[in-house]
Amino acid sequence: MLSVNKAKKIYKAQSGDVVALNGVDISFKENGLTFILGKSGSGKTTLLNILSGLDQLTEGGVFFLGEDISKFSEAEMDKYRNIETGIVFQNYNLIESMTVYDNIAVALEIQKGNNKDAIDKKIKEVLEYVNLEEYENRKVTELSGGQRQRVAIARALVKNPCIILADEPTGNLDVETGFAITQLLHNISEAGSLVIMTTHNMQLL
């Protein structure tokens, strides 16, 4: 379903070219949890940004269902980002002035065909799944780090994507909470999604 072929990414810097990816070849299964392990600066986040369409390769290709996403039209790329993929960031990327409900609703409002009743139903279902059903009216500033990451996962999950990309989702969490978040992502993968998670922590494997 998703693969990378001869992926090379070079960033321009004042000190010279920085090679973040150099000839990466990888094919992912249709579902399951895949860990990308590496130390800080090894290119993990770059690879996830490439897979999500947030960044472009210098050379090579990323193929989704056999099509190179770099050749997608703007409409096709919007569909890929907004429907096919869900992204979970290390720093949550939640809107602090909004409630838990509103942060998740943002992901649905950019999709077509979701009326208020449909949005309400999907958000209640996903909050129950991540064990935050009593928190929908809380501001995210009132939540712990683990709860915020669960909201971020719910926001990615509510779109029902086939691919979830999680960039160091446990990096800012204590060990116990980190294992809980990893288990949640594992459960999501067992339900049929492809979950790709970067980490530097071998204990999570």
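Side notes on the structure shown:
- The convex hull around the C-alpha trace of the stretch 1-82, projected and averaged over every direction, spans 6.1 square nanometres.
- Order of exposure, largest accessible area first, which applies to 78, 55, 117, 25 with probe 1.4 Å: 117, 25, 78, 55
- Loop-resident GluC sites (Glu not before Pro) (DSSP state other than H, G, I, E or B) in the stretch 110-194 with no more than 13 further Cβ atoms inside 10 Å of their Cβ: 133, 134.
- Within the stretch 150-205: Cβ-based charge dipole about Cα centre, in debye rounded to nearest 20 (Lys, Arg +1; Asp, Glu -1): 260 debye
- Couplings 3J(HN,Hα) for the stretch 24-40, derived from phi with the Karplus relation 6.51 cos²θ - 1.76 cosθ + 1.60 (θ = phi - 60°), are 7, 10, 7, 10, 9, 6, 5, 8, x, 9, 10, 9, 10, 9, x, 6, 4 Hz, where x marks Gly and Pro.
- Positive dipole terminus of the chain, leading residue within 151, 61, 33 (C-beta point charges): 61
- A 1.4 Å probe over all protein chains sorts 129, 92, 80 by accessible area into 129, 92, 80, starting with the largest.
- Rounded if a/c under 1.5, otherwise prolate or oblate - the stretch 77-126, Cα gyration tensor axes: oblate
- The phi torsions of the stretch 148-157, fed into the Karplus equation with coefficients 6.51, -1.76 and 1.60 and a -60° offset, translate into couplings of 4, 5, 5, 5, 4, 5, 4, 4, 6, 6 Hz, rounded to whole numbers, with Gly and Pro shown as x.
- Sorted largest first by accessible area at a 1.4 angstrom probe radius, with every protein chain in place, the residues 196, 36, 110 fall in the order 110, 36, 196.
- The chain: most fluctuating residue of 149, 14, 56 per GNM, C-alpha cutoff 10 Å: 14
- Inter-label distance, residue 67 to residue 37: 3.6 nm, where each label sits 7 Å from its Cα along the C-beta direction.
- Principal-axis tilt of helix 175-190 within the chain, Cα atoms, nearest 10 degrees: 80 degrees
- Considering only beta bridges that DSSP places wholly inside the chain, some 55 percent are antiparallel.
- Compactness of the stretch 16-130 is given as radius of gyration and Dmax, 16.8, 53 Å, from Cα positions.
- At a probe radius of 1.4 angstrom, the accessible area of the chain per residue rounds to 52 square angstrom.
- With the whole protein complex present, residue 35 retains an accessible surface near 60 Å², based on a 1.4 Å probe.
- In plain terms, if you count all Cα to Cα distances in the chain and split them into 10 Å steps from zero, the share in each step is 8, 34, 36, 18, 3, 0 percent.
- Most mobile listed residue (69, 95, 153) in the chain, GNM with C-alpha springs under 10 Å: 95
- Per-selection Rg to Rh, the stretch 79-182 - Cα, Kirkwood hydrodynamic radius: 0.94
- Sparsely packed loop sites in the stretch 49-124 (the trypsin sites (Lys or Arg not before Pro) outside DSSP H, G, I, E and B with at most 11 other Cβ atoms within 10 Å) comprise 112.
- Karplus 3J(HN,Hα) series, Hz, for the stretch 128-133 with 6.51 cos²θ - 1.76 cosθ + 1.60 (x for Gly, Pro): 5, 5, 9, 6, 10, 5
- Secondary-structure-derived ellipticity at 222 nm for the chain, considering helices only, amounts to -10000 deg cm²/dmol, per-run term -39500 (n - 2.57) for DSSP H runs with n ≥ 4.
- Top positive-direction residue, dipole computed over the chain with Cβ charges, set 200, 92, 23: 23
- Loop-located GluC sites (Glu not before Pro) in the stretch 10-83, at most 11 other Cβ atoms within 10 Å (DSSP): 30
- Carbon/sulfur fraction of accessible area - the chain, other protein chains in place, 1.4 Å, %: 46 percent
The values are calculated or read from the model by the stated rules, or taken from the named source; none is laboratory data. These numbers come from a predicted model, not from an experiment. Cβ atoms come from the backbone with ideal geometry, glycine included; neighbour counts cover every protein chain shown. The protein model used for the area step is the full one, side chains on, heavy atoms only, and it has no ligands, DNA or RNA in it. Shrake-Rupley method; radii C 1.70, N 1.55, O 1.52, S 1.80 Å.
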